[in-house]
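To start, the structure under review is shown below, and the notes come after it.
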Amino acid sequence: MKSDGKASYVQVKVVSDRPERFLNMCRHRQIGFWNINRTEEGFNACITRQDFLLIKDICYKTGTKVRITKKVGVPFLLFKYRKHYSFLVGILLSCAILYLCGLFVWNISFTGNSKYTNSMLLKFLRSMNVYSGMQISKIDCDNIESSIRNEYPDITWVSAEISGTRLIVHIKENDVAMVTGNSEDNPRDIVAAENGIVHSIITRKGTPMVKVGDTVEKGQILVSGVVKILNDAGEHVGNIYTEADADIIVSAQYEYYDKLNVQHESKIYTGSTKTKKIFGFVDRDIELNFSFGTFENYDVITKYEPCMLTESFYLPFYFGSRVYYEYNEVVENYTEDEAKAELSKHFNYYIEDLVENKVQIIEYNVKMYTDSDSFVMSGSVDVLTPVIEYRPVTDIEIKVNEENKNG
Amino acid sequence: MTGKEKFVNGLSIAKDAALGAPIVTVLGNYEIYVENFKSIVFYECDAIKLLTKQGMLTITGNMLEIQHYDDEEIAIKGRICSIEY
């Protein structure tokens, strides 16, 4: 037998002339000792509380004396402090506090969001009266899901769940806005998001208004949500209003312009830092090191460590640290190489951003030149960009089509 | 070799199960596990004698202590010098 996993056990001193006989009899009755150390009088060992109660008979038969030297475990502790009522009150109070804590939400977390930050979503939930510290029973997960979907059309899937004292909102975002509901109730056109030339068009629903090679202007209807119904004679007899759906790629040219002043302020970090411990409750925190002053110019990095009993049982308070990094503001001038590197970096970010938005870069032509007090990078970027802008079919369109039908 | 041993050898049966032979596992010279033992015959700091179906197994050494024991196994720790059958 091993002590691993034993809730409570006793260390005993066994005095016997024949300890082997005592051990064999114990083994025969499936009573186990562990950590047995031989002594001159017998041995010292550990035994569980339950087994200890069974060895009385064996002790009598073998003439062995057993004396407890140490008691280990919670049951012994409870027995020892049974008269300390404050101890009992403390345990009951702790249980009550834990129970009360378990009735509220102390942590709201989001998964799967990239376009919408946590703070944006938290702010939205706050406007719905869902916040850290509210009662779990008052949280309506279905309402949260539908409200987020209605508020953010490009969030295509939301699932809110309560896990312990956490509200976890799982989100799936989509680049293309998903329109729900009956297509006839929400007829829409696809319109050009910018000026360009139609590179390709594949229409699934609606009436295409342009063909490959056409020049389009921003706001121009590319695929109409109005589908004309013609009879066998080719006469206009009616209209169907639908959600236009098509894959359209437009070839466009973006103008690029970026300016960098020669003179600029930069931060020179002095290397001095100050760390302050913080203690927070719900969404308010206080700094614990009052004696520290602060720097004149500084950056702050704050780290929070929420207190939790389990992964899903968060408590309403948290600890953390706030590190202040001192810096001096210095006015410097860019050299030409520095400016070139900085402007190139900005341009690369711009290109990466376009690629992330599924824009295909065909060609770019940018140049850097020096103005009186600045460096400028300008030029143009030829791209193939998908059109993802929708507009509801206007009343005017409906009226015109109805007149055409009647006329 | 006894008749029983010959019989077990002929049938290729596991000897520990058929003959009740002790299985002795030694870790370096500081830990020893003995399975299939019948009883503890002698226990001192410098020697432990175990009765097995095949006779006496004597373990000698220094500061020997029984880490744990149960129906099937006994674990002994200490500085082991010799194991004798």
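The values are calculated or read from the model by the stated rules, or taken from the named source; none is laboratory data. All figures in this text were calculated on a predicted structure; none of them were measured in a lab. Cβ coordinates were reconstructed from backbone atoms using ideal geometry, including for glycine residues, and neighbour counts include every protein chain displayed.
Of the residues making up region A:30-44, those that are under 13 Å from A:Val12 (Cβ atoms), more than 8 Å from chain B (Cβ to nearest Cβ) and in a loop (DSSP other than H, G, I, E, B) are A:Ile31, A:Thr39, A:Glu41.
Of everything listed in (1) touching a residue at least 12 places away in the same chain (Cβ under 8 Å); (2) within 14 Å of chain B (Cβ to nearest Cβ); (3) closer than 26 Å to B:Thr52 by Cβ, the single unmet condition for A:Ile55 is (2). The single condition among (1) at pLDDT 90 or above; (2) within 10 Å of chain B (Cβ to nearest Cβ); (3) closer than 24 Å to A:Val74 by Cβ; (4) surrounded by fewer than 18 Cβ atoms within 10 Å (Cβ to Cβ) that A:Gln11 does not satisfy is (2).
Restricting region B:31-85 to residues that are under 24 Å from A:Val14 (Cα atoms), within 10 Å of the chain's Cα centre (by Cα) and charged (D, E, K, R) leaves a set whose member that is surrounded by the most Cβ atoms within 10 Å (Cβ to Cβ) is B:Lys49.
One residue stands out in region A:56-93 among those that are part of a loop (DSSP other than H, G, I, E, B) and among the charged types (D, E, K, R): the one that is modelled with the lowest pLDDT, namely A:Arg82. Can you find a residue that is closer than 30 Å to A:Ile248 by Cα, assigned to a helix (DSSP H, G or I) and either of a type outside the set (Val, Ile, Thr) or modelled with pLDDT under 90 (or both) anywhere in region A:151-169? There is at least one residue in region A:151-169 that is closer than 30 Å to A:Ile248 by Cα, assigned to a helix (DSSP H, G or I) and either of a type outside the set (Val, Ile, Thr) or modelled with pLDDT under 90 (or both). Taking region B:26-85 as the range and being among the polar types (S, T, N, Q), more than 10 Å from chain A (Cβ to nearest Cβ) and assigned to a strand (DSSP E or B) as the test, the residues that pass are B:Thr52, B:Thr58, B:Thr60, B:Asn62, B:Ser82. Conditions first: (1) at pLDDT below 90; (2) surrounded by fewer than 16 Cβ atoms within 10 Å (Cβ to Cβ). A:Met1 passes all but one, so which condition is the exception? With respect to (1) at pLDDT below 90; (2) surrounded by fewer than 16 Cβ atoms within 10 Å (Cβ to Cβ), A:Met1 is out only on (2). Do you know which residues across region A:233-268 are buried (at least 17 other Cβ atoms within 10 Å of the Cβ), free of Cβ contacts under 8 Å to residues at least 60 places away in the same chain and not in a strand (DSSP E or B)? Scanning region A:233-268 gives a single hit, A:Thr242. Per this entry, A:Ala192 is counted among residues that are touching a strand residue (DSSP E or B) at 6+ places or on another chain (Cβ under 8 Å) and either surrounded by fewer than 14 Cβ atoms within 10 Å (Cβ to Cβ) or at pLDDT 85 or above (or both). Could you figure out which of (1) loosely packed, with under 14 Cβ neighbours inside 10 Å; (2) at pLDDT below 90; (3) in a strand (DSSP E or B) isn't true of A:Ile202? Failing condition for A:Ile202: (2).
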